[in-house]
Amino acid sequence: MNLLEGKTVIITGASRGIGNRIAEVFALHGANIAFTYRSSEKEAKDLEKELSSNGCKVKGYKSDASDFDASQKLADDVLKEFGSIDVLVNNAGITKDGLLMRMSEEDFDSVMDINMKSVFNMTKAVLRPMLKQRKGSIVNMSSVVGVKGNAGQTNYSASKAAINGFTKSTALELGSRNIRCNSIAPGFIETEMTDALGEDQVNEWRNSIPLKRGGTTDDIANVTLFLASDMSSYVTGQVINVCGGMLT
Ligand code: NAP
């Protein structure tokens, strides 16, 4: 079943990790894909090649999601190239962990800008075309730590909690225009972001999860597919925890 046939999607941060897998899964479901990256040129080219060889219309854009003007330009360019914007996945994100005592202002600001302000930038940028077509689905990548907090991640958890508030307010504002907005709160998903953790810490995480494993990028991509597609046409304003039962 092609759940995204003929739909144009923008995915921020698809050169690696979760965004990369979302792009692959969306391509399998017939989407036309515009994706962004910040610096991974080679990975972006590889993804373009991989998806277009499967018959998908795809283009990678080097675009900093934390930059308001660049986000607007990206949406304009995608509209020109693809003709519509039906789905936005705000996935780009970074961590700069550290105890609050030692956290620099720069590390706080960069995490807020790339994780949270990017969601404002990109949502604003796609609003006009979505309002015009009276249809759209926006999916924001949050985190369980935005729901429950985490020591050593005040900046990151604040950015993800802010995304959840933004998601709910956007859903309330735009529901009457048939534009839906939801967030996904992944738990511990094994990607390059989590490779930075030591083996002992990873095992400790795995053991603390009711399903006794870290999540995969497929686990997140499949829920993103559901929220992007018309399968979820009566779901908006929700934060969906995808965390193997870490949060109940
Ligand atoms: P990742 O492997 O580090 O990949 C991050 C992606 O975001 C890369 O494609 C990167 O591009 C891109 N990016 C970073 N800054 C950007 C910017 N300013 N503008 C545009 N793109 C930018 O991360 P991940 O683990 O897949 O995480 C993806 C999302 O899921 C993030 O929002 C993260 O907070 C969230 N999340 C992850 C986990 C987890 O366990 N992994 C758990 C909860 C939530 P370059 O390759 O060019 O740098």
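At-a-glance table
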item: So Lys124, is it within 27 Å of Ile220 (Cβ to Cβ), open to solvent by 50 Å² or more (accessible area, probe 1.4 Å), outside any loop (DSSP other than H, G, I, E, B) and at pLDDT 95 or above; result: yes
item: Number of positions in segment 67-107 that are more than 25 Å from Val223 (Cβ to Cβ) and open to solvent by less than 80 Å² (accessible area, probe 1.4 Å); result: 12
item: Options Ser52, Ser39: the member that is over 27 Å from Ala171 (Cβ atoms), open to solvent by 20 Å² or more (accessible area, probe 1.4 Å), free of Cβ contacts under 8 Å to residues at least 40 places away in the same chain and part of a loop (DSSP other than H, G, I, E, B); result: Ser39
item: Selected residue (criterion: farthest from Met116 (Cα to Cα)) from residues of segment 1-16 that are open to solvent by less than 30 Å² (accessible area, probe 1.4 Å) and within 7 Å of the ligand (Cβ to nearest atom); result: Ser15
item: Where a residue in segment 6-18 is part of a loop (DSSP other than H, G, I, E, B) and its partner, wherever it lies, is more than 11 Å from the ligand (Cβ to nearest atom), with Cβ under 6 Å and at least six apart; result: Lys7/Ala31; Lys7/Asp86; Lys7/Val87
item: Qualifying residues in segment 182-207 (those that are farther than 24 Å from Thr248 by Cβ and more than 12 Å from the ligand (Cβ to nearest atom)) - the one least open to solvent (accessible area, probe 1.4 Å); result: Gly198
item: Subset of segment 32-49 [within 28 Å of Thr123 (Cβ to Cβ) and away from the ligand (no atom under 15 Å from the Cβ)]; result: Asn32
item: Matching residues in segment 134-144 - criterion: being outside any helix (DSSP H, G or I) and near the ligand (Cβ under 10 Å from one of its atoms); result: Asn140, Met141, Ser142, Ser143
item: Selected residue [open to solvent by less than 80 Å² (accessible area, probe 1.4 Å), in contact with a Cys (Cβ under 7 Å, 6 or more places away or on another chain), in contact (Cβ under 8 Å) with a residue 24 or more places away in the chain and not charged (D, E, K, R)] from Thr224, Thr217, Thr236; result: Thr236
item: Segment 187-214 residues that are of a type in the set (D, E, K, R), paired with ones that are within 9 Å of the ligand (Cβ to nearest atom) (beta carbon under 6 Å, 6 or more apart); result: Glu190/Gly214; Glu192/Arg16; Glu192/Gly17; Arg206/Gly214
item: Filter result (within 14 Å of the ligand (Cβ to nearest atom) and either touching a Leu at 6+ places or on another chain (Cβ under 9 Å) or part of a helix (DSSP H, G or I) (or both)) within segment 55-71; result: Gly60, Tyr61, Ser63, Ala65, Phe68, Asp69, Ala70, Ser71
item: Candidates Leu127, Leu131, Leu99, filtered to the one that is more than 13 Å from the ligand (Cβ to nearest atom), closer than 20 Å to Ala75 by Cα and over 19 Å from the mean Cα position of the chain (by Cα); result: Leu131
item: Single residue of segment 150-181 satisfying the filter (among the polar types (S, T, N, Q) and not in a helix (DSSP H, G or I)) that is farthest from the ligand (Cβ to nearest atom); result: Asn178
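The values are calculated or read from the model by the stated rules, or taken from the named source; none is laboratory data. Bear in mind that the values here come from a model prediction, so they are computed numbers and not experimental data. Here Cβ is always computed from backbone atoms with ideal geometry, including for glycine, and neighbour counts include all displayed protein chains. Side chains are part of the model used for accessible areas, which takes the heavy atoms of the whole protein and leaves out ligands, DNA and RNA. Shrake-Rupley method; radii C 1.70, N 1.55, O 1.52, S 1.80 Å.
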